[in-house]
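Trainee: Right, I'll just put the structure down here and ask away after.
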Amino acid sequence: MAEGKSESSSSSMESLDHLPSALLATIMTNLDVASICSVASTCTAFKACASQILSFIPSFHLLEIAPSMDLLRPLLPPNPWLKSMKVNCGRLDDSAIQILLQPSLHELCMLNCDEFTGKLLSEIGGRCKDLRSLCLGSVAENRGQDIQFSDLEELLRGCHELEALNLMFDVSFSAGHNNSRVWALASEKLTSLEIGYIPSVMVAELFSPNFGFHKSPNCIQPSILPNIHKLCLSVDYITDTMVGKISKGLNSLTHLDLRDAPMSEPGVTSDLTNSGLQQINQHGKLKHLSLVRTQEFLSTYFRRVNDLGLLLMADKCKTMESIFLGGFCRVTDTGFKTILHSCSKLYKLRVSHGTQLTDLVFHDISATSLSLTHVSLRRCTLLTNHAVTSLASNKDLKVLDLRDCRNLGDEALQAISALPKLKALLLDGSDISDVGLSYLRPGVISSLISLSVRGCKKLTDKCISALFDGSSNLELQELDLSNLPNLSDNAVLLLAKSRVPILELRMRQCPLIGDTSVMALASMVVDEERWHGNSLRLLDLFNCGGITPLSFRWLKKPYFPRLRWLGVTGSVNRDMVDALARSRPFLRVSRRGEELGVEEWDNSDDFYMHDYDEMDEFERWLLDGEDENADEDMVNAEDNAEAME
């Protein structure tokens with residue numbers, strides 16, 4: 001029987017080798033890069049075909065891992081048909097410019113460009129003339145201010161077809177007298193602009209009516225970027241002047257997102273007041289509005305805005321569909337209630353640091369025509385279970401963020417249990433118990449994709465059985481159990497036994513979590529027909545009290561084959577942490593306690609679901625022939641750790 005099976009397998013492989021190359025190419029052009037490389041690892045015929053395919057595929061998307069230059073070069077031959085490229089550049093620098101910037105591109109997304117210089121911008125302008133969409137993240141952040149004004153000028157001058165531009169880094173290098181004129185070089189087709197940081201003074205200048213550069217000084221022109229529909233900016237201060245000039249100068253604006261992080265308390269002239277809110281949506285086309293004051297550097301709020309400001313704004317925002325207000329500490333129930341009753345098309349409501357928002361805002365929400373799908377009330381500390389009970393009348397709710405609402409308890413979970421479409425539930429810091437979580441089973445837990453109970457101090461090991469006992473066919477992919485002082489290895493053993501296909505598991509700051517948890521997760525098999533081993537993509541164990549060097553033996557290959565992010569305490573054993581990072585080049589190991597992951601759930605209306613099925617085969621294909629010294633380093637580090645014991 002064994003011989004027959006072997007002969008059959010050999011015969012099928014031979015038949016694949018004899019398939020026409022044109023047929024294979026036609027099939028493989030419908031696959032993404034990861035899938036092409038995964039298929040290439042199965043037989044010589046597919047590998048040869050893959051090498052040819054990569055020279056004429058229309059899209060090259062590689063964001064889940066950060067390839068080195070040596071790994072990237074064979075994947076990106078010259079390709080006149082390449083239209084879309086998305087790459088994680090965490091291990092690349094200026095030396096990759098030549099192979100990345102192909103003239104045929106219409107869409108280019110380069111994330112984590114820390115090691116690139118400003119040359120990247122000028123080269124894009126020179127090489128990629130037909131770009132429609134450009135996204136650049138963290139350019140030159142590891143090199144200081146290594147971006148020149150001329151670099152931005154060359155970018156804008158060269159990419160005259162741009163429709164969407166996302167520069168997620170500090171562009172204050174271009175601040176100065178008349179320097180905003182450089183934006184006049186931008187494509188007239190530009191409708192979406194996002195900037196990681198820009199000074200408020202520069203924003204006001206950018207969107208002011210300006211004098212024509214080649215016309216009479218008396219000839220007044222519209223703002224430099226008159227066709228913008230979507231504008232997302234992070235600034236030092238949100239001011240009345242800025243809001244007024246944006247609202248007046250951008251006739252087609254439908255999406256406005258302003259976020260600031262003051263380093264000192266704003267003065268009257270450098271702050272947002274009721275007058276500024278009154279100027280919003282002057283042309284009546286705004287659908288999405290976000291005004292947020294973060295607490296990144298200083299605990300400060302919009303202290304010059306009260307209920308009157310929201311009353312004035314609501315009068316012009318009746319067609320609004322999404323509103324995010326963060327840091328409006330003087331706005332009471334009257335102001336927030338006005339928004340709910342005026343904006344009949346509102347489906348997404350987010351409020352953070354609403355220090356005076358109470359249950360009364362939602363008391364009669366069932367009497368409105370609202371059909372809310374996304375609600376975030378983070379750090380609205382006066383809310384109680386009654387508010388959640390009222391909100392639960394919106395049966396279409398998909399996202400409910402109640403982080404740091406400390407007065408919420410099990411009664412709130414009873415109300416939430418009646419929400420059949422809920423996908424994300426965040427309850428950090430609330431007063432819920434194990435019994436309360438059991439209310440989510442079997443209904444809500446079956447639909448949830450993301451659940452966070454970080455810092456819910458009453459929870460114990462029983463919360464795992466309360467959630468998962470008797471449940472099957474769960475969709476849960478993200479689970480945050482961080483900062484639970486009573487959570488132990490026993491809970492993780494129960495979780496592993498439940499075989500829930502979790503992709504992201506956070507258990508940071510759990511003093512009773514130790515080596516046993518790591519071993520249980522490493523041995524966990526989710527689906528024997530689909531997976532071969534643990535399905536975790538992210539595991540955060542930062543500052544877990546029981547983690548010792550023993551855990552690192554279970555974190556190396558072949559365990560956790562799909563792991564991409566790992567959080568540990570660097571002081572456990574620095575040599576072993578470093579050796580682990582070297583042995584798994586596509587694993588991002590965090591030692592300093594920073595939050596892991598790509599983007600927060602609430603940055604988008606929809607959930608981005610990763611396609612992880614083929615990633616382990618993809619990694620194997622990329623690493624074919626790589627130096628195996630890193631594995632030896634891991635063994636040596638283990639031996640040294642044992643010797644020290």
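The values are calculated or read from the model by the stated rules, or taken from the named source; none is laboratory data. This structure is a prediction, so every number in the text was calculated from the model and none was measured. Reconstructed Cβ throughout: ideal geometry from the backbone, glycine too, with neighbour counts over all protein chains shown. When the accessible area is computed, the model is the full protein with side chains, heavy atoms only, and any ligands, DNA or RNA have been set aside. Shrake-Rupley method; radii C 1.70, N 1.55, O 1.52, S 1.80 Å.
Trainee: Restricting attention to the stretch 231-253, which residues are among the hydroxyl-bearing types (Ser, Thr, Tyr) and open to solvent by less than 20 Å² (accessible area, probe 1.4 Å)? Can you show your working first?
Mentor: Just the residues of the stretch 231-253 that are among the hydroxyl-bearing types (Ser, Thr, Tyr), to begin with: 234, 237, 239, 241, 247, 252.
Across the stretch 231-253, the qualifying residues are THR239, SER247.
Trainee: Please state which one of ASP307, ASP271 is in contact with a Phe, Trp or Tyr (Cβ under 8 Å, 6 or more places away or on another chain), modelled with pLDDT of 95 or more and not hydrophobic (A, V, I, L, M, F, W, C).
Mentor: Every option except ASP271 fails the conditions.
Trainee: Shifting gears a bit: Hey, GLN282 hits all of (1) at pLDDT below 95; (2) more than 24 Å from THR254 (Cβ to Cβ) but one; which does it fall short on?
Mentor: The number of the failed condition is (2).
For every residue, the table says whether it meets (1) of a type in the set (Lys, Arg); (2) open to solvent by 50 Å² or more (accessible area, probe 1.4 Å); (3) closer than 18 Å to VAL235 by Cα; (4) touching a His at 6+ places or on another chain (Cβ under 8 Å).
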| position | (1), (2), (3), (4) |
| --- | --- |
| ASP260 | no, no, yes, no |
| ASN274 | no, no, no, no |
| HIS283 | no, yes, no, no |
| LYS287 | yes, yes, no, yes |
| THR294 | no, no, yes, no |
| MET313 | no, no, no, no |
| LYS318 | yes, yes, no, no |
| LEU325 | no, no, yes, no |
| ARG330 | yes, yes, no, no |
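Trainee: Here's a follow-up. Taking GLY455 as the residue in question, decide whether it is of a type in the set (Gly, Ala, Ser) and either on the phi > 0 side of the Ramachandran plot or without any contact (Cβ under 8 Å) to a residue 12 or more places away in the chain (or both).
Mentor: Yes.
Trainee: Just give me the residues in the stretch 97-116 being farther than 25 Å from GLY597 by Cα and either surrounded by fewer than 22 Cβ atoms within 10 Å (Cβ to Cβ) or among the small types (Gly, Ala, Ser) (or both), in sequence order.
Mentor: Selection gives ILE97, GLN98, ILE99, LEU101, GLN102, PRO103, SER104, HIS106.
Trainee: Name the helices (runs of 4 or more DSSP H) wholly within the stretch 477-560 that hold at least 3 residues that are farther than 22 Å from ARG591 by Cα and among the aliphatic types (A, V, I, L, M)?
Mentor: Details: elements: 489-498, 515-523, 550-555.
Counting at least 3 such residues, we get 489-498.
Trainee: Test MET263 against the criterion of being within 27 Å of SER371 (Cβ to Cβ) and without any contact (Cβ under 8 Å) to a residue 60 or more places away in the chain, and give yes or no. Steps first, answer last, please.
Mentor: Values: within 27 Å of SER371 (Cβ to Cβ): no; without any contact (Cβ under 8 Å) to a residue 60 or more places away in the chain: yes.
Taking the combined requirement at face value, the residue does not satisfy it.
Trainee: For the stretch 79-126, which residues satisfy the criterion of being out of contact with any Phe, Trp or Tyr (no Cβ under 9 Å at 6 or more places or on another chain), assigned to a helix (DSSP H, G or I), over 19 Å from LEU190 (Cα atoms) and not hydroxyl-bearing (Ser, Thr, Tyr)?
Mentor: Matches in the stretch 79-126: GLN98, ILE99, LEU100, LYS119, LEU120, GLU123.
Trainee: Now for a different question. So ASP410 ticks every box in (1) farther than 28 Å from LEU512 by Cβ; (2) touching a Gly at 6+ places or on another chain (Cβ under 6 Å) but one. Which box is left unticked?
Mentor: (1)
Trainee: Which numbered condition trips up PRO511, out of (1) open to solvent by 30 Å² or more (accessible area, probe 1.4 Å); (2) within 20 Å of LEU596 (Cα to Cα); (3) modelled with pLDDT under 95?
Mentor: Just one mismatch for PRO511, condition (3).
Trainee: Next question. Scan (1) touching a Ser or Thr at 6+ places or on another chain (Cβ under 9 Å); (2) crowded, with 22+ Cβ neighbours inside 10 Å for the single condition HIS341 breaks and write down its number.
Mentor: (2)
Trainee: A follow-up question, please. Could you say which residue among ALA520, ALA491, ALA496 is among the aliphatic types (A, V, I, L, M) and at pLDDT 95 or above?
Mentor: One residue alone meets the criteria, ALA491.
Trainee: If you check GLN98 against the conditions, is it without any contact (Cβ under 8 Å) to a residue 24 or more places away in the chain and under 18 Å from LEU134 (Cα atoms)? Explain how you work it out, then say what you get.
Mentor: Values: without any contact (Cβ under 8 Å) to a residue 24 or more places away in the chain: yes; under 18 Å from LEU134 (Cα atoms): yes.
Taking the combined requirement at face value, the residue satisfies it.
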